[in-house]
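The values are calculated or read from the model by the stated rules, or taken from the named source; none is laboratory data. If you're wondering where the values come from, they're calculated on a predicted model, not measured in any experiment. Here the Cβ positions follow ideal geometry from the backbone for every residue, glycine too, while neighbour counts run over all protein chains shown. Side chains included, ligands, DNA and RNA excluded: accessible areas come from the protein's heavy atoms. Shrake-Rupley method; radii C 1.70, N 1.55, O 1.52, S 1.80 Å.
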Amino acid sequence: MVNFLTKKIVLIALFLNIAYLGANENIKNFSMLPDILDIQISPNGKMIGVHRKVDDELIVSIIDLASKELIFNHRFVKKGEIGDFWWLSDERLLLSKVTKFATRNSRFPTGELYAVNIDGKKSIMLTGRQAKRSSDTVKDDPKQPAFVANMLEDDDEHIMVQFYTSDGFWKLYKVNVYDGKLERFVSPPVKNPFYAFDNNGDLVAVRGIDPDTFSLEIYIYNKNLPAEYLVSSPCDGQEVDCIEVIGNKSSVKKTTNPDWTFWKSTPWDDRLQLISYDNESKSLVTVENLGNDLSGIYRTELTTGKRKLIYRHDRVDVGSVLTDDNGKVYAASFMDGYPSLVFFKGESEQKKRLKMVKDMFPGSMISALGTSDDESKGVYRVSSDTNPGIYYLLDTSSESPQITPLGQYWRSIDYSNLATMDPFEFTTRDGATVFGYITKSRIGDSSNSPTIVHPHGGPEGVRDRWGFDHRSQMLASEGFNVLQINFRGSGGYGLSYERFIRGNWDGVLTDLFDGMDYLHEKGVIDKYNSCVYGGSYGGYAATQSAIMRPDLFKCSVSDVGVYNLVNLFKVGDIQDSRGGQAQLAIRLGDDEERHKEMSPHYNAEKLKVPFFMIHGEKDIRAPYEGAVKFSDKLNSIGFDHKTLFIAKEGHGYSDENVRYESNMELISFFKEHLN
């Protein structure tokens, strides 16, 4: 256990950098994990809770803003650490638990929720295996893992939670945060439900997955929005901007559960995101494709069925959608190279405050973390490509608003010595427009510096984004350019862009080669002084790229990579999940010979460049056994290569010592093979 801190804490102390002694202090600093994960303000605006790492333990410190004194350091009463926290009232907190296992370094959520007063008194475990209460029935047992569905801001005594169950139909419960009393609220008609509430905390709808077709579906909750509230055929006599909302009289019967009325569905690989319920217009706000390549924000009136497109960008998909206390959309974010915020007509206090902070920090990303009940104070996190993150307190209680720094997100990193992340786009050999980012070396000119081509994981739907990237910054600080290309298959650029990679895992790698050609011709990089390095699918891409273009790369590094696509259908957590086999067939195709053609394992003899494999022995996403078999295959053909297989780590690395050691090996390998 960590000793309690002194009773007097000055907020500026949260900015103090930690000094490390070692072979390479720079790499050591980039290998550390963030220090302050979250800051939340109390309802009365007089205190903050700081979720932070102290001596490798995650705790929550409650600090009085006026005196800057520590009120209490919260740690979990049983084995484990604090994974997240919420203010229930000015006197009480809700904490969630994470824990490490003896065989793993990573922290895993346990589903245990714990309520306690801010001074550490009147504590109770509400859910999970150590819950104080028990149940006579298996169906309503609080000793199951749970997560928060709604904080019920107008009810200090209760919260809404969902319990994780193996069938995927996560029921909704109301829980008393003082005595743990449990009341079943509703059972969902879909798997993996996301419940939507109005500003009063009343349930209005649910989005989830149809267990048979795997389509995304939305249902309306009848008890708060009765079926009679919905029109059965709103498209009759309407213009084309209309959607059919199915009520009880429809011939389509999607569920026998009387609490719900089916509203709409879409295929699993389209976007259907339930954002909010707009009280004023009695509408549901969604993000959908609706037959379009790019997603848009829609508002659909439930009483008439009329649908209005609020906004669709002409180049990229919708990022996040921001709504006020009444569920009305006031802004949305987009990532078209640089991030942008689009503000919509209408006034709200949330919009006013966000624009105020945005004006204070132009060129930065702003995250609103919470406000006091009277909305006079709020906490914001400000970040950019050269700013890992700084937390600020905005106080608008006086005529002259005040902004005060509270702490740094990542104290081990030198914020003053980071490289910019610059977007670019280019035309591929087949005429497509593809997008990417270049982070230039901090040592010397980029054209004379070696380049690391760094494809992202996923691959489908994932993308690289503008902002702070600790790995890119570490490489840039050591003298490397970092090239991140959102090859076709990446998310954020529309459905056709994303789906292009299906059955074409190797084909999209030409986007990497074409991006290198583009920057080489512009004089930005020397493409012949480069290595390729990635994790997960990025590890596959690094290996297969080197196989396809041994003339282009001086070395290749695969981290938790995939080497045998045939085996993805036989081992790992993807194929083992319900519907996993069907999704793999869609994403990779069903031709085994094509899978072999795309697999490094079946093309090992074509690998000619120096090769380094890194893998966690507990990885189940890209199973460790696949890495061992590929290494054995390389040995069998006499190909000398470097390996780093890490015990107690999985699909990524959580131990700071492991991160440091693997980063040192990585940098050493690059410096050995690049000029």
**OP:** Output the qualifying pairs, or none if there are none: Cβ atoms under 8 angstrom, residues six or more apart or on different chains, first residue in region 260-271 and closer than 13 Å to SER295 by Cα and at pLDDT below 90, second residue open to solvent by less than 20 Å² (accessible area, probe 1.4 Å) and among the charged types (D, E, K, R).
**Re:** none
Original post:
Restricted to region 67-80, and to residues that are out of contact with any Leu (no Cβ under 9 Å at 6 or more places or on another chain) and among the hydrophobic types (A, V, I, L, M, F, W, C), which residue is surrounded by the fewest Cβ atoms within 10 Å (Cβ to Cβ)?
Top reply: VAL77
Original post:
Restricting attention to region 349-366, does a residue exist that is assigned to a strand (DSSP E or B) and touching an Asp or Glu at 6+ places or on another chain (Cβ under 9 Å)?
Top reply: no
Original post:
Could you say which residue among ASP359, ASP325 is open to solvent by 50 Å² or more (accessible area, probe 1.4 Å), acidic (Asp, Glu) and within 30 Å of GLN473 (Cα to Cα)?
Top reply: ASP359
Original post:
Do you know which residues across region 494-508 are of a type outside the set (S, T, N, Q) and surrounded by fewer than 23 Cβ atoms within 10 Å (Cβ to Cβ)?
Top reply: GLY494, LEU495, ARG499, PHE500, ARG502, GLY503, ASP506, GLY507, VAL508
Original post:
Scanning for something modelled with pLDDT of 95 or more, of a type in the set (Gly, Ala, Ser), more than 30 Å from ARG587 (Cα to Cα) and open to solvent by 40 Å² or more (accessible area, probe 1.4 Å), does region 335-352 turn up at least one residue?
Top reply: yes
Original post:
Among all residue pairs at least 6 apart or on different chains, which show Cβ distances below 6 Å where the first residue, located in region 285-311, is touching a residue at least 24 places away in the same chain (Cβ under 8 Å) and open to solvent by 10 Å² or more (accessible area, probe 1.4 Å) and the second is of a type in the set (A, V, I, L, M) and assigned to a strand (DSSP E or B)?
Top reply: ARG299/VAL285; ARG299/ILE310; ILE310/ILE297; ILE310/VAL329; TYR311/ILE297
Subject >> Top-ranked residue of region 624-672 - restricted to ones that are of a type in the set (Phe, Trp, Tyr) and in contact with a helix residue (DSSP H, G or I) (Cβ under 6 Å, 6 or more places away or on another chain), ranked as least open to solvent (accessible area, probe 1.4 Å) >> reply: PHE630
Original post:
THR420 passes all but one of (1) polar (S, T, N, Q); (2) in contact with a strand residue (DSSP E or B) (Cβ under 8 Å, 6 or more places away or on another chain); (3) touching a residue at least 40 places away in the same chain (Cβ under 8 Å); which number fails?
Top reply: (3)
**OP:** Please identify the pairs in which a residue from region 582-598 that is open to solvent by 50 Å² or more (accessible area, probe 1.4 Å) has its Cβ atom under 6 Å from the Cβ atom of a residue that is of a type in the set (Phe, Trp, Tyr), counting only partners at least 6 apart or on another chain.
**Re:** LYS596/TYR602
Subject >> Single residue of SER397, SER416 found to be hydroxyl-bearing (Ser, Thr, Tyr) and more than 30 Å from VAL54 (Cα to Cα) >> reply: SER397
Subject >> Residues of region 599-623 that turn out to be surrounded by fewer than 17 Cβ atoms within 10 Å (Cβ to Cβ) and more than 24 Å from TYR653 (Cα to Cα), as a count >> reply: 3
Original post:
Quick one: what pairs do we get from region 520-546, first residue more than 20 Å from ASN675 (Cα to Cα) and β-branched (Val, Ile, Thr), second in a loop (DSSP other than H, G, I, E, B) and open to solvent by 10 Å² or more (accessible area, probe 1.4 Å), C-beta under 9 Å, 6+ apart or different chains?
Top reply: THR543/VAL562
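Restricting to region 93-103, what's the tally of residues that are crowded, with 19+ Cβ neighbours inside 10 Å and out of contact with any Pro (no Cβ under 8 Å at 6 or more places or on another chain)? Don't jump to the end; show me each part of the working.
Going through region 93-103, the residues crowded, with 19+ Cβ neighbours inside 10 Å turn out to be 93-97.
Next, only the ones that are out of contact with any Pro (no Cβ under 8 Å at 6 or more places or on another chain) stay: 93-95.
So the count comes out to 3.
Are any of the residues in region 158-165 open to solvent by 20 Å² or more (accessible area, probe 1.4 Å) and either modelled with pLDDT of 95 or more or over 30 Å from LYS648 (Cβ atoms) (or both)?
Yes; the residues of region 158-165 include at least one that is open to solvent by 20 Å² or more (accessible area, probe 1.4 Å) and either modelled with pLDDT of 95 or more or over 30 Å from LYS648 (Cβ atoms) (or both).
From the list SER134, SER89, SER106, which one is open to solvent by less than 30 Å² (accessible area, probe 1.4 Å), at pLDDT below 90 and either farther than 29 Å from ASN199 by Cα or over 25 Å from the mean Cα position of the chain (by Cα) (or both)?
Numbers: SER134 fails: open to solvent by less than 30 Å² (accessible area, probe 1.4 Å); SER89 fails: at pLDDT below 90.
After ruling out the rest, the residue left standing is SER106.
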Subject >> Positions within region 49-66 being in contact with a Phe, Trp or Tyr (Cβ under 8 Å, 6 or more places away or on another chain) and crowded, with 20+ Cβ neighbours inside 10 Å, in sequence order >> reply: GLY49, VAL60, SER61, ILE62
**OP:** State yes or no: is ASP317 open to solvent by 60 Å² or more (accessible area, probe 1.4 Å), at pLDDT 95 or above, under 23 Å from ILE586 (Cα atoms) and not hydrophobic (A, V, I, L, M, F, W, C)?
**Re:** no
**OP:** State which residue is surrounded by the most Cβ atoms within 10 Å (Cβ to Cβ) when the search covers only region 510-556 and only residues that are more than 22 Å from GLU605 (Cα to Cα) and either touching a His at 6+ places or on another chain (Cβ under 7 Å) or among the acidic types (Asp, Glu) (or both).
**Re:** ASP511
**OP:** Would you check which residues across region 395-416 are touching a residue at least 40 places away in the same chain (Cβ under 8 Å) and within 26 Å of the chain's Cα centre (by Cα) and list them?
**Re:** PRO405, LEU406, GLY407, GLN408, TYR409, TRP410, ARG411, SER412, ILE413, ASP414
**OP:** Please state which of the following conditions ILE62 fails to meet, knowing it meets all the rest: (1) at pLDDT 50 or above; (2) not in a strand (DSSP E or B).
**Re:** (2)
